[in-house]
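K.L.:
Right, I'll just put the structure down here and ask away after.
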Amino acid sequence: MIRARYKVAVVGVLLVPSVIALVRRGLAYESVAPGSSAEFWEYACAVQLKAFHGHLKYSYWGGIYPPIEARLFYYTQDHHRQFLYSVSPAEVASDLPEVRAALQLDVKKCPNSDPELCEFYKDGAPTRLMCRNYLARSAASAPIVGVVSDIQKARLRLHRFGQIDTREEEAFRARLARADRVWLSLVFEGVFIIGWVLFTAWPWLRGARFGRFVLHFGLSPVLLFIPYFLGYAPMTFTFGPSGGFVYPSYLVLASVPVGRIPCSRVDEVLWNMLPPLLAPLAQVPGAPAAATTYRCVGPFASLLFGAMIAVVLLAGRQLTRGFSGWRSRATAEPPAR
């Protein structure tokens, strides 16, 4: 009984840090952060209001998304993720008179002393011209949601050579829908991680025969990666742990040995056969600007790694038996006279 309690305690100690991290990250999760009207208008019309003091450090570019359910959104793009912000229509509407005045008084000289802000101002000249022409035609009493929607479409036409690609908007709406299901992602990760650890440790907990150890340890790698193969945390190996809370960290750690087995054509075939059933649960933080790392871990590679673990365990078992037998024979032999 004491030994069984000791084993359960060991497994519990292994699980507690993951559970705590999952709870903390879940409570701190924020799919859409509160934004500011000044930053919204800088991205929308390249206008630098008095309250604007620059964008997020290391951001590359940004823009606005179409209004959804009377909510206004804009984003800032950095190297690995896209930061999403929302601002109330009332706040954006309250700054519209200042925006109109700034556009009418648009001067060639940068109104700021900050070189970075001046670079934004210089590059935004075409956008300001577009907004000035649109707002000159729109009524002052026009609903702000409609005004923002028209500006967003005109901005896309300006910067996309007249073409509007709906895929970006569809990806944005899908991202918001996934954020509404974040509690399902948290529950899924908690249940899966606990289940995976218990499956791996079950032969040890139950004092099972050696064959059970081989089976569970051999299947453990591929079982860990199954959610990834089914679309959960899909960008983990292109720009770091993402798309989840604790599970991506498990993937990264497991990929250190498993990733040394190169992916093959078999992995590609197997991967294409697997449906992305868990993709709706992945909390992907927008599209990255670039991929800084790449490591391929495929279904066949993870199965092969599990088979290697089984072979090592079996070989170790045989060596241990052989050594024990040799010692037994050596002890049984009578001493030479």
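K.L.:
Are any residues in the stretch 32-88 of a type in the set (V, I, T), within 14 Å of G124 (Cβ to Cβ) and out of contact with any strand residue (DSSP E or B) (no Cβ under 8 Å at 6 or more places or on another chain), and if so, which ones? Before you say what the answer is, go through the steps one by one.
P.N.:
First, the residues of the stretch 32-88 that are of a type in the set (V, I, T): 32, 47, 64, 68, 76, 87.
From the residues that got through so far, the ones that are within 14 Å of G124 (Cβ to Cβ) too are 47, 64.
Correct list: V47 only.
K.L.:
Testing G195 on (1) out of contact with any Pro (no Cβ under 9 Å at 6 or more places or on another chain); (2) surrounded by 14 or more Cβ atoms within 10 Å (Cβ to Cβ); (3) farther than 16 Å from R25 by Cβ, one condition comes back false. Which one is that?
P.N.:
(2)
K.L.:
Filter the stretch 1-49 for residues that are surrounded by fewer than 11 Cβ atoms within 10 Å (Cβ to Cβ) and farther than 25 Å from G243 by Cβ; which is nearest to the chain's Cα centre (by Cα)?
P.N.:
Filtering the stretch 1-49 for residues that are surrounded by fewer than 11 Cβ atoms within 10 Å (Cβ to Cβ) and farther than 25 Å from G243 by Cβ, the one nearest to the chain's Cα centre (by Cα) comes out as V13.
K.L.:
In addition: Please enumerate the residues belonging to the stretch 107-145 that are crowded, with 18+ Cβ neighbours inside 10 Å and either at pLDDT below 80 or touching a Gly at 6+ places or on another chain (Cβ under 6 Å) (or both).
P.N.:
Those that are crowded, with 18+ Cβ neighbours inside 10 Å and either at pLDDT below 80 or touching a Gly at 6+ places or on another chain (Cβ under 6 Å) (or both): L117, F120, Y121.
K.L.:
So, one more: When you go through (1) aliphatic (A, V, I, L, M); (2) out of contact with any Ser or Thr (no Cβ under 9 Å at 6 or more places or on another chain); (3) surrounded by fewer than 18 Cβ atoms within 10 Å (Cβ to Cβ); (4) in a helix (DSSP H, G or I) one by one for L158, which number turns out not to apply?
P.N.:
With (1) aliphatic (A, V, I, L, M); (2) out of contact with any Ser or Thr (no Cβ under 9 Å at 6 or more places or on another chain); (3) surrounded by fewer than 18 Cβ atoms within 10 Å (Cβ to Cβ); (4) in a helix (DSSP H, G or I) applied to L158, the lone miss is (2).
K.L.:
Could you please let me know if I226 is assigned by TED's automatic domain parsing to the domain that holds R260, touching a residue at least 60 places away in the same chain (Cβ under 8 Å), surrounded by fewer than 17 Cβ atoms within 10 Å (Cβ to Cβ) and on the phi < 0 side of the Ramachandran plot? Show your work before the answer.
P.N.:
Working: assigned by TED's automatic domain parsing to the domain that holds R260: yes; touching a residue at least 60 places away in the same chain (Cβ under 8 Å): no; surrounded by fewer than 17 Cβ atoms within 10 Å (Cβ to Cβ): yes; on the phi < 0 side of the Ramachandran plot: yes.
No; evaluated as a whole, the condition is false for this residue.
The values are calculated or read from the model by the stated rules, or taken from the named source; none is laboratory data. Quick caveat, the model's predicted, so the values are computed rather than measured. Methodologically, a virtual Cβ is constructed for each residue, glycine included, from the backbone with ideal geometry; neighbour enumeration extends over all protein chains shown.
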